[in-house]
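Laboratory data are not the source of any read-out in this text; all were calculated from the coordinates shown. Since we're looking at a predicted model, the values are computed, not measured. So basically every Cβ, Gly included, is an ideal-geometry build from the backbone, and we count neighbours across all protein chains shown.
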Amino acid sequence: MASGWAKEGAVQEQIDSTVEDALQRARGQLPTGESLSHCEECDAEIPEARRLALKGVRLCVGCQSKHDREQRSASGYNRRGSKDSQLR
């Protein structure tokens, strides 16, 4: 579906680019390296099962949950206001 002067497939290219950017951002946030034995924020012990399951883990479950909530609210990515959501 071309619109105006846009070339055929331009809309799909924009959607693909948005998805690729999100994937790169998410991959860049993945921890790497050796896991810590204690949380770097609250100093609670990180269970061995968590350390083995997630490489490079630095936070306990409680601190990680808090960090994830803060990241989500501060991300500034408004799906409803994005161009891609207007295409549906």
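Quick rundown of the values:
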read-out	value
Inter-probe distance in nm under a simple model that places probes 7 Å from Cα toward Cβ, at Ala26 and Ala53	1.8 nm
Residue-span extension gain [Ser37 to Val19] - 0.36 nm each, minus C-alpha spacing	3.0 nm
Per-q log10 I(q)/I(0), segment 32-74, q = 0.15 Å⁻¹ (Debye; single scatterer per alpha-carbon; no solvent)	-0.34
Residue-span extension gain [Asp68 to Ala10] - 0.36 nm each, minus C-alpha spacing	17.5 nm
Environment charge at Leu54 (Cβ cut-off 12 Å; Lys +1, Arg +1, Asp -1, Glu -1)	+2
Residue-by-residue Karplus 3J(HN,Hα) for segment 8-22, coefficients 6.51, -1.76, 1.60, Hz, glycine and proline x	4, x, 5, 5, 5, 4, 5, 5, 4, 5, 5, 5, 4, 4, 5
